[in-house]
1. Being open to solvent by 100 Å² or more (accessible area, probe 1.4 Å) and modelled with pLDDT under 80: is that true of ARG32 here?
2. Being at pLDDT below 65, surrounded by fewer than 11 Cβ atoms within 10 Å (Cβ to Cβ), charged (D, E, K, R) and part of a helix (DSSP H, G or I): is that true of LYS14 here?
3. Tell me which residues, restricted to the stretch 78-117, are open to solvent by 50 Å² or more (accessible area, probe 1.4 Å), within 10 Å of the chain's Cα centre (by Cα) and in contact (Cβ under 8 Å) with a residue 12 or more places away in the chain.
Amino acid sequence: MFKTLFRSLWRGIKELGSESSSSGRRKKGGYRSGFQRILWAGILLFMYFGFIYYTMMSSEAGSEDNSGIFKLLLGATIVAAFGAYLAPRFSDYVEGWTSSGRRKKLQKSQNSLMKKQSESESNRKPNKSAE
């Protein structure tokens, strides 16, 4: 039971790092995957260090040795890896906020609606080859 649970969890985690099926193949004019991953890793690192700076400024406690620096660097490494891993999904999500992304989503839903309507009309008409 645990084996199948872990397999399904692992499959879900692997799918998080891949592009969504709605994004299709490579978008024309889109970022290359390497640049996109570096960009999102940098964005999340900036947010991470901003959060750490904010929490450190409000606290007067400090570490007596270098263990705090090692924890900071370990956290930065994990955050950067997480950002690089989920970069394709982040880009698809952020694209939905733009006007072109909303337009593409609307156009895609209209195309699927037209396709469903044409399929239902073709199913209603009697097939002449069956006569």
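The values are calculated or read from the model by the stated rules, or taken from the named source; none is laboratory data. This is a predicted model, so every value here is computed, not measured. Cβ: placed from backbone, ideal geometry, glycine included. Neighbour counts: every protein chain shown. In case anyone asks, the SASA skips ligands and DNA or RNA and just uses the protein heavy atoms, side chains included. Shrake-Rupley method; radii C 1.70, N 1.55, O 1.52, S 1.80 Å.
1. Working: open to solvent by 100 Å² or more (accessible area, probe 1.4 Å): yes; modelled with pLDDT under 80: yes.
Taking the combined requirement at face value, the residue satisfies it.
2. On the way: at pLDDT below 65: yes; surrounded by fewer than 11 Cβ atoms within 10 Å (Cβ to Cβ): yes; charged (D, E, K, R): yes; part of a helix (DSSP H, G or I): yes.
Spelling it out, LYS14 is indeed at pLDDT below 65, surrounded by fewer than 11 Cβ atoms within 10 Å (Cβ to Cβ), charged (D, E, K, R) and part of a helix (DSSP H, G or I).
3. Passing the criteria: TYR85, ARG89, PHE90.
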